[in-house]
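**Student:** Here it is, the structure in full.
The values are calculated or read from the model by the stated rules, or taken from the named source; none is laboratory data. Remember, predicted model here, so these are calculated numbers, not experimental data. Please note: Cβ atoms are built from the backbone with ideal geometry, for glycine as well, and neighbour counts cover all protein chains shown. Areas reflect the complete protein model, heavy atoms only, side chains present, ligands, DNA and RNA absent. Shrake-Rupley method; radii C 1.70, N 1.55, O 1.52, S 1.80 Å.
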Amino acid sequence: MKKIWTMRGCDEDRLLALARELSLNPLTTRCLVSRGLTDAGAVEAFFSPNLSNLPDPEELTDVKKASVRIAQAIRKKEKIAVFGDYDVDGITGAALLASFFREISIDVGIHLPNRDDGYGIKRKHIDQMKEEGAKLLITVDNGIRAVDEISYAKELGIETIITDHHEPSGSFPDALAIINPHRLGAGHPLWNLCGCGVAFMLLLSLRRHLREEGLMAGEEPNLKRHLDLVALGTIADVMNLTGVNRTLVKFGLAELSKSSKPGINALIKLSGAGDYEITPGTISFQIAPRINAAGRMGAPSEALRLLMTNNADDAYQFAARLDKTNRERQSIEEKILRSIDELVDKSGLEQRSGIVLSSPDWHLGVIGIIASKLAERYAKPAIVITKGTNPARGSARSVEGISLLDALKDCSSVLEAYGGHSMAAGVAIECEKIDEFTMLFDAACAKRMPAAETKKIFYDAEAKISDITDALVSEIDLCKPFGMGNPEPSIAIRNAVISERKIVGNGHLKLTLSDGNASLDAIAFGMASKVPDDAERISVLCTPKWNIWNGFKNIQLKIKEIEVCSK
Ligand SMILES: [Mn+2]
């Protein structure tokens, strides 16, 4: 596929005015304007996110009602149950609620589903809560579609407060309060919260009510300390790091690096992330996979107790256990991927537009990861089905340009159930219908396969090496944290002379690039094969960063795309 480097459009007049008004580097300004930050106020707010600027939590529909009802439960000493999910967002959300209640000396029952149960609350969970004497149920990261189950809880005398961020479908459950940012219009500052973030907003409101009603026993919980959990949930759920989320994550990353939770400290240390700046990448690649491993391999409660423990020795043991579980998860995954490689070779699947694979042996907890690896490797939608459940269950991942939900709709006649969104979805299917489904899904994807063989790669600005100054890199730092919705600025540098070239580690390329006047260090991870030994000049898309090593600090270009220039 041919890549076409394309500069993001931007209002040139606005750009000049803004650069003058804020006396910013023109390159930084271009990056800001191209992502929609066009006036001085917006840029200043972007550069210094502030918790005191968060919207009032009670802008979320039903938050106030929920706070009043929880306060009532506390006054009447009614038992409260919390129900979360088996992924990072659902576990951190449950840990957040449970930590808050523990700090105000209220005993709550915490329940998490196992992956085998399927997503969301089931009657058996509600039966358990009833047995424990619960009168009030608070869901986190789930519940918006649990119409039957919430009615069942009501029959058993349990009132429900739903906190969720999944898109509602059809009618709402019969709950006392339904707190879901989707009830606000798209574009509302709170619209993009993750499940743990929604729970955080509820607690901000609840704390206020308990204070007003004189129900706060002892010291008030410091909710800022719990932003470590919100950062984990937000990044693990791949929410956009803009607006409110970026503020929560920025402060949450700071909390993570000095967490009040022994379990988080132990996990960071054990994953080898302790010596470095904690970034969204640290969460995505080191912390979240270990928390998720618990839910994938059986018991999400193991991750919950890690997040909840106050004991450093226990914390270390729990973290070590999760680390081991994560390694088991990786080895199962590798084994499946190897067996799939054989399958693909034998059956000519590469010719297909959409890949469907199934086996009785594949572990339910890893089929999602396998599907995303296949989708990436073959650049087409992939569905991995395990026949180990009844009906069989599959996890689907897509590529840009093909909506899974649309494609699955074409196949709905052979599916028991399906749901999700355009890039990720899940299916339930009777085993004997898998062959027919395979054909239908292939056709559905073929119909939607984008015709163009080119891919646009966007960048923000063009620069010479001598334009990349210390001041510029410091301004770029103010745009952190980077992630979904707030990508690292990408700068094109053309025709740079390679003055030094070295291969390091596992196929990484270390370069010194110069333009006659100035030179800079650069690193291109995994791109050693892209630059032949005799190449003299390259053009790159890169992000300039501080490289801090042994007390020294210099600018390093992190290269994302390379084109070798013809001689
Ligand atoms: Mn979630």
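**Student:** With r defined as the distance between the Cβ atoms of VAL68 and TYR276 and R0 fixed at 41 Å, what FRET efficiency is calculated, to the nearest 0.05?
**Tutor:** 0.40
**Student:** Ok, one more. How much length is gained if the chain between THR6 and ARG338 is pulled fully straight, taking 0.36 nm per residue apart and subtracting their Cα-Cα distance, in nm to one decimal? Could the numbers behind the result be given before it?
**Tutor:** Numbers: separation 332, 0.36 × 332 = 119.52 nm, distance 3.72 nm.
Stretched out fully, the THR6 to ARG338 stretch lengthens by 115.8 nm.
**Student:** Return the percentage of antiparallel bridges among DSSP beta bridges fully within the chain, rounded to the nearest 5 %. Write out the running numbers ahead of the final one.
**Tutor:** Numbers: 46 of 79 bridges.
Here the share of antiparallel DSSP bridges comes out near 60 percent.
**Student:** If you don't mind, another one. Pulled fully out, how much extra length does the chain show between GLU400 and SER257, if you take 0.36 nm times their separation in residues and subtract their Cα-Cα distance? Before the final figure, lay out each step's value.
**Tutor:** Working: separation 143, 0.36 × 143 = 51.48 nm, distance 3.46 nm.
Using 0.36 nm per residue and subtracting the Cα-Cα distance, I get 48.0 nm.
**Student:** Which FRET efficiency, nearest 0.05, do ILE548 and ALA186 yield, Cβ-Cβ r, R0 51 Å? Intermediate results must be reported in sequence, preceding the final value.
**Tutor:** Values: r = 40 Å, r/R0 = 0.78.
Here the calculated transfer efficiency is 0.80.
**Student:** On to the next question. Among DSSP beta bridges lying fully in segment 348-451, give the percent that are antiparallel, nearest 5.
**Tutor:** Numbers: 15 of 20 bridges.
Here the antiparallel bridges make up roughly 75 percent for segment 348-451.
**Student:** Shifting gears a bit: For segment 53-222, report the % of Cα-Cα distances exceeding 27 Å.
**Tutor:** Numbers: 2464 of 14365 pairs.
Counting every Cα pair in segment 53-222, those more than 27 Å apart make up 17 percent.
**Student:** With point charges of +1 on the Cβ of Lys and Arg and -1 on the Cβ of Asp and Glu, referenced to the Cα centre of the chain, which listed residue (VAL414, VAL540, SER99) lies farthest in the positive direction of the dipole?
**Tutor:** VAL540
**Student:** Taking 26 Å as the cut-off for C-alpha to C-alpha distance, list the pairs among LYS373/LYS530; LYS380/LYS456; LYS346/LYS456; LYS122/LYS250; LYS373/LYS560; LYS335/LYS530 that go past it. Please list the in-between numbers first.
**Tutor:** On the way: LYS373/LYS530 22 Å; LYS380/LYS456 17 Å; LYS346/LYS456 33 Å; LYS122/LYS250 35 Å; LYS373/LYS560 20 Å; LYS335/LYS530 29 Å.
Long pairs (Cα-Cα over 26 Å): LYS346/LYS456; LYS122/LYS250; LYS335/LYS530.
**Student:** Of HIS188, GLY243, ILE178, whose Cα points farthest to the positive end of the dipole of segment 174-291 (charges on the beta-carbon: +1 Lys, Arg; -1 Asp, Glu; origin at the Cα centre)?
**Tutor:** Going by the charge dipole, the pick is GLY243.
**Student:** Gap in Å between the Cα centre of segment 303-349 and the Cα centre of segment 156-201?
**Tutor:** Between the Cα centres of segment 156-201 and segment 303-349 lies a distance of 31 Å.
**Student:** So, for segment 28-89, what is the accessible surface per residue at a probe of 1.4 Å, expressed in square angstrom?
**Tutor:** Numbers: 2450 Å² over 62 residues.
Using a 1.4 Å probe on heavy atoms only, each residue of segment 28-89 averages 39 Å².
**Student:** Just how large is the dipole of the chain about the Cα centre, in debye to the nearest 20, putting +1 at every Lys and Arg Cβ and -1 at every Asp and Glu Cβ?
**Tutor:** 420 debye
**Student:** For GLU376 and GLU536, what is the calculated FRET efficiency with R₀ set at 22 Å and r taken between the beta-carbons, to the nearest 0.05? Kindly include the intermediate steps, with their values, before the conclusion.
**Tutor:** Working: r = 33 Å, r/R0 = 1.48.
Step by step, r from the Cβ atoms, then E = 0.10.
**Student:** A follow-up question, please. Which of the listed residues, ALA293, ALA273, SER259, is farthest toward the dipole's positive end in segment 246-301, when Lys, Arg count +1 and Asp, Glu count -1 at the beta-carbon?
**Tutor:** ALA293
**Student:** Here is a further query. I need the chymotrypsin sites (Phe, Trp or Tyr not before Pro) found in segment 501-558, filtered to DSSP loop residues with at most 15 other beta carbons within 10 Å of theirs.
**Tutor:** Working: sites: PHE525, TRP546, TRP549, PHE552; in loops: PHE525.
The qualifying sites are PHE525.
**Student:** Using a 1.4 Å probe and counting only protein heavy atoms, arrange VAL504, VAL414, VAL564 so the residue with the most accessible area comes first. Intermediate results must be reported in sequence, preceding the final value.
**Tutor:** Working: VAL504 40, VAL414 5, VAL564 65 Å².
Solvent-accessible surface, decreasing: VAL564, VAL504, VAL414.
**Student:** If you count only protein heavy atoms with a 1.4 Å probe, what accessible area per residue comes out for segment 455-567, rounded to a whole Å²? Kindly include the intermediate steps, with their values, before the conclusion.
**Tutor:** Numbers: 5810 Å² over 113 residues.
Value returned for segment 455-567: 51 Å² of accessible area per residue.
**Student:** Carbon and sulfur together cover what percent of the accessible area of the chain at a 1.4 Å probe radius? If you can, show how the numbers build up before the last one.
**Tutor:** Values: 12460 of 25650 Å².
For the chain, the apolar C and S fraction of the accessible surface comes to 49 percent.
**Student:** Also: So what is the relative contact order of the chain, in percent, for Cα pairs below 8 Å that sit 6 or more residues apart?
**Tutor:** Values: 1082 pairs, mean separation 67.2, N = 567.
Value for the chain: 12 percent.
**Student:** Taking the Kirkwood radius as the inverse of the mean 1/r across Cα pairs, report the Rg/Rh of the chain. Please list the in-between numbers first.
**Tutor:** Numbers: Rg = 25.4 Å, Rh = 25.8 Å.
Radius of gyration relative to Kirkwood radius: 0.98.
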